[in-house]
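Student: Can you keep this structure in mind? I'll have questions shortly.
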Amino acid sequence: MASKKTLVIVESPAKANTINKYLGKEFVVKASLGHVKDLPKSKLGVDIEHDFEPTYVESPGKDKVIKELRAAAKTADRIFLAADPDREGEAICQHLKEILSGSKAEVFRVLFNEITPKAIQAAVAHPGRIDQNIVDAQQARRILDRIVGYQISPLLWDKVRRGISAGRVQTVALRLIVEREQEILAFKPEEYWSITAKLEGHQPPPFDAKLVKIKGKTASVTNQAEADHVLQGLKSAAFQVESVVTKEKKRYPVPPFTTSKLQQEAARKLRFTVKKTMMLARRLYEGIELGTEEGRIGLISYMRTDSPRISDDAMQMVRSYVSDVYSDKYLPEKPIIYKGKKDAQDAHEAIRPTFVGRTPDDLKGMLSDDEYKLYKLIWTRFTASQMNPAVYDQTSAEIVAGDYMFRASGRVLKFDGFLKVYEETADEDLKPAEDEEDITLPQLTQGETLKTLEINPKQHFTEPPPRFTEASLVKTLEEKGIGRPSTYATILTTIQDREYVQKDQGKFRPTELGTVVTTMLVRHFEEIFDIQYTARMEEELDEVEEGKMTWVEALRDFYKKFAKDLKKATKNMENLKAQELPTNEICEKCGGPMVQKWGQFGSFLACAAYPECKSTREIAKEETAPKEGATGADAEPEPCENCGKPMALKRGRFGQFLACTGYPECKTTRKITGSSGAPKKPDVILEEICPQCREAKLVVKDGRFGLFTSCGNYPKCKYIKPKLVGVSCPKPGCGGELIERRTKRGKTFYGCLKYPACDFVTWNKPVSEQCPQCGSSYLLEKTTKKDGLVHYCNEETCDYKVSVETEGVATA
């Protein structure tokens, strides 16, 4: 009789493949493919009257996986549940334990922070038990999101548009974007002037000094008349050095990455979306085949963490590396200990390489370009975090000219310290302070009279607050305690998928739908979607995890407020579908008044005499109306080239277009220049050099199908940068990458970058996930009316298909 084995269950096939190589023959490793149980999709699944008792069902498409796991459990004497070390992972383990309850095998929880032989063997040598408090915290979040999504979304379907949704955290993130846009629209620029003197001392080089004080008070020059007055006063004034101060300043390294800091820095430095960063980080964590003696191995520690702490082993490893490679002058006398935030969960280490001796250059040929870039970012940040500070000589000179004081600042790097390895990228919205710029000042002496080369007055206007980028939105969410780093990718993806926001040159702009939905939800659910209240709910979930509060208590406190608001909103929320607002517009067909209504594509103008007159007209939005030949309310209607009747702005499935008001007798239509009916956006020049001609920089252009990146040397060079999807071509021996392409009619499809040498194509988007049934290296993604978003295998002989529900975001 064969001896029984230990069954190890993880979430993904990639993780299973890596771990399987580290364990002996007495272990069998299987993948659950994420959650095996969840709340039902067709109904609420929560008994609110009986302490929010959830009803779990087997996750769609998991029948075959569950059957295989049960069969494996019957022949095992022990079951090790080894899902990710976080709330979702703990819940997966609990549900696995429940579906395998028919097995007589003893069930253990196994935790590890990195997928390396040492970590895996240590984890299986010291198995533990499932932490019910962590399971309860995940369950509380899931039920909270389900209640909000399934009880508010039907309201929005009824009042605004079918198919849209509300999310407990998603709506608060959207609120930040909408309120920022309102600030921008309400902003009134104010004029101010800067005055800079270019001066020269007894030694070169010439340098700039800025006006900082007038008669001992902070300089404030608000218009040209004041600027001219200053220039007049400086005409006969001698510039004399009043004081020169030079002092040593240290710049300290930053901590190793937490999840949110990695998302921010990858967005700023690598231009990766948060979703892409997390996808790549998971690959690096779960294991990469190196093709060496090591084989497949996890390259970084677990990528979901809000703690900057590192283990003693990791500390010793990096300090030895710094000393050996960069010398002792770069190594701090004592290890640098970084403190996390007050509310940080300290269960996991910071994100770091599993072995610092495995440098990015060592792995360059074994990783994809994007994997390499992210690994290098993590490796350099971690290594630099245990290095000595950079040291500067910082000089500040104050220069007096009559009633006016000017200041010149500069600094010189004396010792590069951690900057030898890594330098953090500043927020795009923040300009470096004068004393943080590497400017060399000449040697100046107190009392020295300087030669005036020129005085430059410059007009400026205050600018509105910037729109959020992915990096700045993640930063704000973290600062305000909204959501958790593990949910940011889902939040950002959802608000874009729901068409609540769109990206304009990398920055979030709310759509009309997003603004309307936010306004209505905040008005009728003011407390539930309040920023401080949402942050407090996160704290309560943390308290549930720590055992300080039960999950039922947390839900009871929430629902007491929510139920009152829901009852009022059901009765009082305005019905946009039935709304007809009077306007000053006249119908081109019958001459009657036009009213503003709400439809599938937002607000539009319709004849008040409907249904007798069915004339409609699109409303030209301020941000999308063409500057020339405008078709808005205040513009002269453009005549039809065939019949002479006025053309009206309409919206179809492909955006705005002009159509003859003589329809149906005259069916003339005309496209509007630019994507989605908007005026063409100006070209944005990038720093990247064209890889084809190696002469011009790449430029982001606005074409008929949206934004694309091409060579700035067009038409001399016709290079267009391909949109990679992160999946290698599956054709044997090809080695190419799959990219997004378009047909002549604008329909998206996916093909190999090596076309025409390789003719692989597919209409549905490839996803970088291994098929758990046949082992295919990728899956395809599509949306169906019955199942929603699904991932399925493209192999003819494989019938694998699984429904994908967006994690952590309730939908209706």
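Student: Would you list the membrane-span-like helices of the chain, meaning whole DSSP H runs whose alpha-carbon atoms span at least 27 Å along their axis and whose mean Kyte-Doolittle value is at least -0.5? Before the final figure, lay out each step's value.
Tutor: Details: long enough: 132-159 (40 Å, -0.32); 551-572 (31 Å, -1.00).
Qualifying helices: 132-159.
Student: A further question on this structure: With all protein chains present, how much of the accessible area of the stretch 1-139 (probe radius 1.4 Å) comes from carbon and sulfur, to the nearest whole percent? Mind dumping the intermediate values first?
Tutor: Working: 3390 of 6500 Å².
Answer for the stretch 1-139: carbon and sulfur cover 52 percent of the accessible area.
Student: Rounded to the nearest 0.05, what FRET efficiency do ARG70 and LYS21 have when you use their Cβ-Cβ distance and R0 = 22 Å?
Tutor: On the way: r = 25 Å, r/R0 = 1.15.
That pair, ARG70 with LYS21, gives E of 0.30.
Student: Something else: Find out how many positive minus negative residues lie around LEU581, taking Lys and Arg as positive, Asp and Glu as negative, among other residues whose Cβ is under 12 Å from that of LEU581. Could you put the intermediate results ahead of the total?
Tutor: Numbers: positive: LYS597; negative: GLU574, GLU580, GLU585.
Here the count lands on -2.
Student: Please report, in cubic angstrom per residue, the volume enclosed by the convex hull of the alpha-carbon atoms of the stretch 136-281. Don't jump to the answer; show the numbers that get you there.
Tutor: Numbers: hull volume 40.8 nm³, N = 146.
Each residue corresponds to 280 Å³ of Cα convex hull volume.
Student: Enumerate the amide H contacts of GLU585 below 5 Å, restricted to partners 5 or more residues apart or on another chain; note that Pro and chain-start residues carry no placed amide H.
Tutor: HN-HN under 5 Å from GLU585: MET594.
Student: Additional query: With only alpha-carbon atoms counted, please give the Rg and Dmax of the stretch 1-50, in Å.
Tutor: Final numbers for Rg and Dmax: 17.2, 52 Å.
Student: Among GLY483, VAL790, ALA401, flag the residue with its Cα farthest along the positive direction of the charge dipole of the chain, charges on Cβ as +1 for Lys/Arg and -1 for Asp/Glu.
Tutor: VAL790
Student: If you average the alpha carbon positions of the stretch 8-26 and of the stretch 101-133, how far apart do those two centres end up, in angstrom?
Tutor: 12
Student: Determine the order of TYR285, TYR533 by accessible area, beginning with the largest, at a probe radius of 1.4 Å.
Tutor: Working: TYR285 0, TYR533 30 Å².
These residues rank, largest area first, as TYR533, TYR285.
Student: Which percent of the accessible heavy-atom area of the stretch 501-585 goes to carbon and sulfur, probe 1.4 angstrom? Mind showing how you got there, number by number?
Tutor: Working: 2060 of 4370 Å².
Here it works out to 47 percent.
Student: A follow-up question, please. Any chance you could tell me what percent of the C-alpha pair distances in the stretch 390-506 go past 21 Å?
Tutor: Details: 4343 of 6786 pairs.
Beyond 21 Å sits 64 percent of the P(r) for the stretch 390-506.
Student: In Å and whole numbers, how far do the C-alpha atoms of the stretch 721-782 stretch along each principal axis, longest first?
Tutor: Dimensions of the stretch 721-782 along the principal axes of its Cα atoms: 36, 27, 17 Å.
Student: How much mean residue ellipticity at 222 nm does the chain get from its helices, if each DSSP H run of length 4 or more adds -39500 (n - 2.57) and you divide by all residues, to the nearest 500 deg cm²/dmol?
Tutor: Values: 17 runs with 227 residues, N = 812.
That calculation yields -9000 deg cm²/dmol at 222 nm.
Student: I'd like to check one number: the per residue accessible area of the chain, probe 1.4 Å, reported in Å² as a whole number. Mind dumping the intermediate values first?
Tutor: On the way: 41540 Å² over 812 residues.
Using a 1.4 Å probe on heavy atoms only, each residue of the chain averages 51 Å².
Student: Sort 231-237, 111-117 by the packing proxy (mean of other Cβ within 10 Å over each peptide's residues), most packed first. If you can, show how the numbers build up before the last one.
Tutor: Numbers: 231-237: 12.3, 111-117: 21.0.
For the peptides 231-237, 111-117, the packing ranking is 111-117, 231-237.
Student: Just name one of ALA237, CYS711, TYR321: the one whose Cα is farthest towards the positive end of the charge dipole of the chain (beta-carbon charges, Lys/Arg +1, Asp/Glu -1).
Tutor: CYS711
Student: Could you please put ASP369, ASP565, ASP51 in sequence from largest to smallest accessible area, using a 1.4 Å probe?
Tutor: Largest to smallest exposure gives the sequence ASP369, ASP51, ASP565.
Student: Over all pairs of distinct alpha carbons, what does the Kirkwood formula give as the hydrodynamic radius of the stretch 170-226, in Å?
Tutor: Over the stretch 170-226, the inverse of the mean reciprocal pair distance is 15.5 Å.
Student: Hey, what D do you get for the stretch 1-108 in µm²/s if you plug the Kirkwood alpha-carbon radius into Stokes-Einstein at 37 °C and 0.692 mPa s?
Tutor: 223
Student: Using a 1.4 Å probe on the protein heavy atoms only, what accessible surface does ASP77 show? Give it in Å² to the nearest 10.
Tutor: ASP77 has an accessible surface of roughly 80 Å² with all protein chains in place.
Student: For the stretch 175-290, which whole percent of the accessible surface, found with a 1.4 angstrom probe, sits on carbon and sulfur atoms?
Tutor: Taking all protein chains in place, the stretch 175-290 shows 51 percent carbon and sulfur surface.
Student: Net charge around CYS93, counting only other residues with Cβ within less than 12 Å of its Cβ (Lys, Arg = +1; Asp, Glu = -1)? Intermediate results must be reported in sequence, preceding the final value.
Tutor: Details: positive: LYS37, ARG87, LYS97, ARG109, ARG129; negative: GLU11, ASP84, ASP86, GLU88, GLU90, GLU98, ASP131.
Around CYS93, the charge tally is -2.
Student: Okay, next question. ARG484: accessible area at probe 1.4 Å, nearest 10 Å²?
Tutor: Its accessible surface works out to 30 Å², give or take rounding.
Student: Restricted to Cα positions, what overall size does the stretch 106-210 have along the principal axes? Three whole-Å values, descending.
Tutor: Answer, in whole Å and largest first: 83, 56, 21 Å.
Student: Next question. Could you sort ARG251, ARG141 by their accessible area in this structure, using a 1.4 Å probe and putting the largest first?
Tutor: Details: ARG251 65, ARG141 25 Å².
Descending accessible area places them as ARG251, ARG141.
Student: Suppose every Lys and Arg Cβ carries +1 and every Asp and Glu Cβ carries -1, with no other charges. What dipole size does the chain come out with about its Cα centre, to the nearest 20 debye? Intermediate results must be reported in sequence, preceding the final value.
Tutor: Working: 125 positive and 119 negative charges, 474 e Å.
Using only the charged Cβ atoms, the result is roughly 2280 debye.
Student: Another question, then. What size of dipole, in debye to the nearest 20, comes out for the stretch 367-495 about its Cα centre when the only charges are +1 on Lys and Arg C-beta atoms and -1 on Asp and Glu C-beta atoms?
Tutor: Working: 14 positive and 23 negative charges, 54 e Å.
The dipole of the stretch 367-495 has a size of about 260 debye.
The values are calculated or read from the model by the stated rules, or taken from the named source; none is laboratory data. The structure presented is a predicted model; accordingly, all values stated were derived computationally and were not measured. So basically every Cβ, Gly included, is an ideal-geometry build from the backbone, and we count neighbours across all protein chains shown. For accessibility, only protein heavy atoms count, side chains too; no ligands or nucleic acids. Shrake-Rupley method; radii C 1.70, N 1.55, O 1.52, S 1.80 Å.
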